[in-house]
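Below is one structure, written out as structure tokens; comments come after it.
The values are calculated or read from the model by the stated rules, or taken from the named source; none is laboratory data. These figures come from a predicted structure and were not determined experimentally. Every residue, glycine among them, receives a Cβ derived from its backbone with ideal geometry; neighbour counts consider all protein chains shown.
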Amino acid sequence: CDTLDKATSFLHSRPQPFCLPNYVRGELSVPHSPSTQFFDSFEPKTGSILCRVPCTQPDEVDGAIRHARAAFPTWSRTSRAERSRYLRRVSELMQEHREVFAVWESIDQGKTLQRARVEVDRAISNFAYFSTYILHEQTAARMIDGVALTYEHRSPAGVMALISPWNMPLYLLTWKIAPCVAFGCTAISKPSEITSMSAVLLSILLRKAELPPGVVNIILGDGPTTGAALVASPLIDGVSFTGGTQTGIDIRRATAHQIRKHLSLELGGKNPTLVFADSMASSAREKTVQVAATAAFENQGEICLCGSRIYVESAVYAKFVDEFEKYVAEKYILGQTVSAVASLQHYNKIRRYLQLAVEEKATFRLGGVPPPLDKESNQGYWIVPTILTDVAPESALQKDEIFGPVVTIAPFEDETEAVRLANDSEYGLAAVILTTDGARMRRVGEQIEAGMVWVNCWLVRELGTPFGGMKSSGIGREGGQYSRDIFTVVRTLHLPA
Ligand code: NAD
């Protein structure tokens, strides 16, 4: 179904929820081991059951890995030009079916259709970008004093486990699959059990693109059963994981004895936005408020890069809070620009933090504690954008990743304190600096402990730049040559001149 209306009437007319299939060795089929369990996946906007997702068992995970291994020797020797053609074909097919992806991503994840379209476009770019990257990449070579020529030789790293979260399901899945197969690896991909739908749609297109069987395999299931079996397998050469920090720790621990396994961990964040007084001058004010609000509330705050801690120079604190509140109340409307959060479990997590805000006597400038819900409530997981002030620096509201439409605002006195507060976090994923002072942009930007720092903008990306976090936000970087480091092994050759 390619429109929300058609998809909704299709869902209502079904006698029972459909089961999603795995994609293994080029075939789509629902796992049927006697021990396979299925769980319900819910539609966040209504709270009703959308589909049933298999929890692929370790023996079936092992079978999929073996198919990926069998496909590796041929795929790794397939020419770059041919691999590039496959990737381009996938991106073209996705473009043709852009609206189908967007509609189902919006239904499955809960995001607005408009946001889903942005992410589908980015997913298409992932395939398009790596389809050309591999044709133009450069290798380092140098002559040592006329005695020896040395050069880097890279080969595909092997069979990779690609594990992604529920917040941007298709975009993050393709951010891993595209470079993985572009650099000649084969893949076992596991999307989040909460949002598996777009992975199945992608499987259909991979089949249509006639990608050789076994090159990409997509298996569905939860973390403790399916994900854990996948990352621990000795037949897996590397793991590219995006998700929560605790899961990253679990994966690191589970693979600690397998030194050869490549590990890329893109984890959580609690990102600061710094608002300097100059950015509230009349010429810049509108943009400042808009960037801070977008960074806080895009996709209901369910983006790892969202700026959920805002710090404002005290001279403009009151003015900023007033204007920010007014802007958010006008622009972020539940059911229009703000949608449901991804799951009941996540709704309850955010709700617990908002109850804590009440207990700690924080000021709710907008929002409040949403009503309790359970599985039978059947009404969707809606949370009003919430702005909190008067939150103690040591509060869990300032420390933990809430990952929802909740932002805190606190004042700072000067640049030194701004940097200290920004860095007062176990995380180090991203930050936003709002200032009109060119020297400060660099001075402050270079002191922030975060993998990505945006000045007077947010979420601007170029796919060749390094993407990843410092501190507990992860290890490794992805994007362009940084993805190449994950999906290839490098040897240096020395030849006599
Ligand atoms: P999560 O860690 O619970 O799950 C992520 C994926 O890991 C899922 O597919 C899950 O099934 C799987 N998984 C869980 N336990 C596993 C295990 N033991 N072994 C292997 N796989 C396992 O995260 P989530 O709740 O789905 O996603 C939200 C988190 O992701 C947030 O912390 C957010 O900041 C983070 N995130 C980070 C980035 C980034 O680029 N740094 C991007 C998006 C989301």
Pick from segment 49-88, criterion within 16 Å of Val30 (Cα to Cα) and without any contact (Cβ under 8 Å) to a residue 60 or more places away in the chain, ranking: surrounded by the fewest Cβ atoms within 10 Å (Cβ to Cβ): Asp59
Answer yes or no as to whether Glu325 is among the acidic types (Asp, Glu) and out of contact with any strand residue (DSSP E or B) (no Cβ under 6 Å at 6 or more places or on another chain). no
Does Thr195 satisfy the condition of being hydroxyl-bearing (Ser, Thr, Tyr), more than 22 Å from Leu263 (Cβ to Cβ) and touching a helix residue (DSSP H, G or I) at 6+ places or on another chain (Cβ under 9 Å)? yes
Looking only at segment 451-497, and only at residues there that are of a type in the set (Gly, Ala, Ser), assigned to a loop (DSSP other than H, G, I, E, B) and more than 15 Å from the ligand (Cβ to nearest atom), the one that is modelled with the highest pLDDT: Gly464
So, in segment 113-147, how many residues would count as being farther than 27 Å from Thr465 by Cβ and surrounded by 15 or more Cβ atoms within 10 Å (Cβ to Cβ)? 1
In segment 342-350, is there at least one residue being within 27 Å of Phe42 (Cα to Cα) and away from the ligand (no atom under 16 Å from the Cβ)? no
Mind telling me which of the residues Thr226, Thr174 ends up being under 25 Å from Lys111 (Cα atoms) and hydroxyl-bearing (Ser, Thr, Tyr)? Thr174
In this structure, does Arg285 turn out to be charged (D, E, K, R), out of contact with any strand residue (DSSP E or B) (no Cβ under 9 Å at 6 or more places or on another chain), farther than 30 Å from Gly110 by Cβ and more than 14 Å from the ligand (Cβ to nearest atom)? yes
When residues of segment 30-46 are filtered for being at pLDDT 95 or above and among the small types (Gly, Ala, Ser), how many remain? 1
Mind checking which pairs have a first residue in segment 97-117 that is farther than 12 Å from Asn299 by Cα and a second that is basic (Lys, Arg), Cβ under 6 Å, 6 or more apart or different chains? Ala102/Arg117
For residues that are away from the ligand (no atom under 11 Å from the Cβ) and among the aliphatic types (A, V, I, L, M), tally how many sit in segment 222-235. 1
Looking at segment 277-304, which of its residues are in contact with an Asp or Glu (Cβ under 9 Å, 6 or more places away or on another chain), assigned to a loop (DSSP other than H, G, I, E, B) and surrounded by fewer than 24 Cβ atoms within 10 Å (Cβ to Cβ)? Ala284
Please determine whether any residue of segment 245-262 is closer than 21 Å to Leu429 by Cα, within 16 Å of the ligand (Cβ to nearest atom) and outside any helix (DSSP H, G or I). yes
With the requirement that a residue be more than 15 Å from the ligand (Cβ to nearest atom), among the hydrophobic types (A, V, I, L, M, F, W, C) and part of a loop (DSSP other than H, G, I, E, B), what does segment 183-217 give you? Phe183, Cys185, Ala209, Leu211, Val215
Scope segment 454-485; condition under 17 Å from the mean Cα position of the chain (by Cα) and of a type in the set (A, V, I, L, M); matching residues: Leu459, Val460, Leu463, Met470, Ile475
Which of the helices (runs of 4 or more DSSP H) found entirely inside segment 1-105 contain at least 2 residues meeting this: basic (Lys, Arg) and more than 18 Å from Glu193 (Cβ to Cβ)? 58-77, 80-96
Set Leu220, Leu202, Leu263: member being under 28 Å from Ser84 (Cβ atoms) and crowded, with 24+ Cβ neighbours inside 10 Å: Leu202
Qualifying residue in segment 399-412 (condition: in contact with a helix residue (DSSP H, G or I) (Cβ under 7 Å, 6 or more places away or on another chain), free of Cβ contacts under 8 Å to residues at least 40 places away in the same chain and of a type outside the set (Phe, Trp, Tyr)): no
From the list Gln336, Gln290, Gln300, which one is touching a Pro at 6+ places or on another chain (Cβ under 7 Å), of a type in the set (S, T, N, Q) and closer than 26 Å to Ser106 by Cα? Gln300
Expected single match for buried (at least 19 other Cβ atoms within 10 Å of the Cβ), in a helix (DSSP H, G or I) and at pLDDT 95 or above among Ile310, Ile350 is Ile350
Please count how many residues of segment 260-282 are touching a residue at least 60 places away in the same chain (Cβ under 8 Å) and within 21 Å of Ser314 (Cα to Cα). 9
